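> I have a structure here, written as structure tokens, and I will follow up with some questions on it.
The values are calculated or read from the model by the stated rules, or taken from the named source; none is laboratory data. These figures come from a predicted structure and were not determined experimentally. Heads up, the Cβs are rebuilt from the backbone with ideal geometry, glycines too, and the neighbour counts pull from every protein chain shown. Side chains are part of the model used for accessible areas, which takes the heavy atoms of the whole protein and leaves out ligands, DNA and RNA. Shrake-Rupley method; radii C 1.70, N 1.55, O 1.52, S 1.80 Å.
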Amino acid sequence: MFNIAVKPEDNYLTYILKDLATDSRLEMVPSRGGIVTNWTIQGQQILYLDKERFKNPTLTVRGGIPILFPICGNLPNNIFSYNGREYIIKQHGFARDLPWEFVNQSQDNSARITLRLTSNPDTLAIYPFAFELNFTYELIGRKLIIHQEYTNKSSEEMPFSAGFHPYFYTPDKSQITLEIPARHYYDKTGETRFPFDGHLDFQLPEIDVFFTDLTENRVSFRDLKRKLRVTIFLEEFFSTIVFWTLKDKEFICIEPWSSPRNSINTKEKLKHLKPGESCRTKLEIEVGGLQS
């Protein structure tokens, strides 16, 4: 049995999706970047959220599952060059900062809510393309499926990259093991490659690295203390996995990106849509026990 409720919380209208059979509960706030803020399963906290930062609308959200569009990561000096002009786009783009429109919901065979983001004069001033994004969040059992549709509404080809920035709650990183199917990773700049044997040094003040050329379409981590395994299933749309964490914070971020940092300028694995064209993809996050 599935249920969807709406309530005001921290000055935002919050949608609550539930799968009552598995005691899975998902919270999301369309007006705050269409973000998923909370996910619990049988009382176990899956996502991290800095609640004080979330309450301040002038700050970006640190926690939940922020949406990245039309870029992932940052650009040198925040500059996007196109047709001889320079545009300023801040880190991870603007989708995570804008209010999304509620479109519809259903609770028949799963709990589903669809949100929409469209271009406006402010976005066109820094990213000269008309667009429409439709995301459907589906909660079923211990799985969250994010269905995505990207549409070019402009009269010329639209370049973009897109992704997500999930913050997973990890209160004890010494109990975390990674299952990322790659033999190497790169530092933040992409200039240095390191061998990967499944381990990263969580004692470092910060880890900010990325993986490409994955040999499987999934990445996972295990929380041995809490007996959880979180798996992200990737479609071909997502080419890059970024791993980011800070030593003194109770989170790890495993970020699926469609293309690497600064790809809107370098064109590396950059996505393009012709006028009127759409593309669809999905991302699945599943939580299970160690036996799964």
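> What is the chain by shape, rounded, prolate or oblate, if you read a ≥ b ≥ c off the alpha carbon gyration tensor as root eigenvalues and call it rounded for a/c under 1.5, prolate for a/b larger than b/c, and oblate otherwise?
Judged from the Cα gyration tensor, the chain comes out oblate (a/c at least 1.5, b/c at or above a/b).
> Moving on to the next point. Would you calculate, for the chain, the mean residue ellipticity at 222 nm contributed by helices, counting each DSSP H stretch of 4 or more residues as -39,500 (n - 2.57) and dividing by all residues, to the nearest 500?
Rounded to the nearest 500, it is -1000 deg cm²/dmol.
> Next question. With θ set to phi - 60° and the Karplus curve 6.51 cos²θ - 1.76 cosθ + 1.60, what are the ³J(HN,Hα) couplings of region 226-240 in order, to the nearest whole Hz, using x for Gly and Pro?
My calculation for region 226-240 gives 9, 6, 10, 10, 10, 10, 10, 9, 10, 8, 4, 3, 9, 9, 9 Hz in order.
> In square angstrom, what is the accessible area per residue of the chain with a 1.4 angstrom probe?
I get 46 Å² per residue for this part.
> Calculate, for residue 104 and residue 202, the FRET efficiency according to 1/(1 + (r/R0)^6) with r their C-beta to C-beta distance and R0 45 Å; round to the nearest 0.05. Don't jump to the answer; show the numbers that get you there.
Details: r = 42 Å, r/R0 = 0.93.
Once the sixth-power term is evaluated, E becomes 0.60.
> For region 140-210, evaluate the Debye formula with one uniform point scatterer on each Cα (no solvent term) and list log10 I(q)/I(0) at q = 0.14, 0.18, 0.27 Å⁻¹, rounded to two decimals.
With no solvent term, the Cα-only Debye profile gives -0.75, -1.00, -1.36.
> So what are the radius of gyration and Dmax for the Cα set of region 1-108, in Å?
16.5, 56
> Given H placed on each backbone N at 1.01 Å, which residues far from residue 252 in sequence or on other chains put an amide H within less than 5 Å of it?
Sorted by chain and number, the residues that satisfy this are 168, 170.
> Which whole-Hz couplings ³J(HN,Hα) result when phi for each residue of region 282-287 is put into the Karplus expression 6.51 cos²θ - 1.76 cosθ + 1.60, θ = phi - 60°, listed in order with x for Gly and Pro?
8, 10, 10, 10, 10, 10
> Here's another thing I want to ask about it. Show the residues, 5+ positions off or on another chain, whose built amide H is closer than 5 Å to the amide H of residue 62.
Amide H neighbours of residue 62, under 5 Å, 5+ apart: 50, 54.
> Taking amide H positions as placed 1.01 Å from N in the peptide plane, with prolines and chain starts having none, which residues 5 or more places from residue 242, or on another chain, fall under 5 Å of its amide H?
So residue 242 has HN proximity to 211, 255, 257.
> Dividing the alpha-carbon Rg of region 194-254 by 2.2 N^0.38 Å yields what?
1.19
> Still on this structure: Each residue of region 57-71 in turn: what ³J(HN,Hα) in whole Hz from Karplus with 6.51, -1.76, 1.60 and θ = phi - 60°, glycine and Pro shown as x?
Ordered by residue, 3J(HN,Hα) equals x, 7, 10, 5, 6, 10, x, x, 10, x, 9, 10, 5, x, 9 Hz.
> A further question on this structure: Check the straight Cα-Cα distances from residue 227 and name the lysines below 18 Å, setting aside those fewer than 8 residues away within the same chain.
143, 173
> Okay, moving on. Quick one: pull the percent of accessible area on the chain belonging to carbon and sulfur, 1.4 Å probe, ligands and nucleic acids left out. Can you show the working numbers first?
Values: 6060 of 13330 Å².
The C+S portion of the solvent-accessible surface of the chain is 45 percent.
> Continuing with this model, one more query. Using 7 Å Cα-to-Cβ label points, what is the residue 213/residue 10 separation (nm, one decimal)?
Placing both labels 7 Å along Cα→Cβ, they lie 4.0 nm apart.
> I'd like the trypsin sites (Lys or Arg not before Pro) in region 89-120 restricted to DSSP loop residues with at most 16 other Cβ atoms within 10 Å, sorted by number.
Here the trypsin sites (Lys or Arg not before Pro) that fit, given the DSSP loop and packing criteria, are 90.
> Let me ask something else. Loop-only check: which chymotrypsin sites (Phe, Trp or Tyr not before Pro) in region 202-292 are DSSP coil with at most 16 other Cβ within 10 angstrom?
Sites meeting the loop and neighbour criteria: 202.
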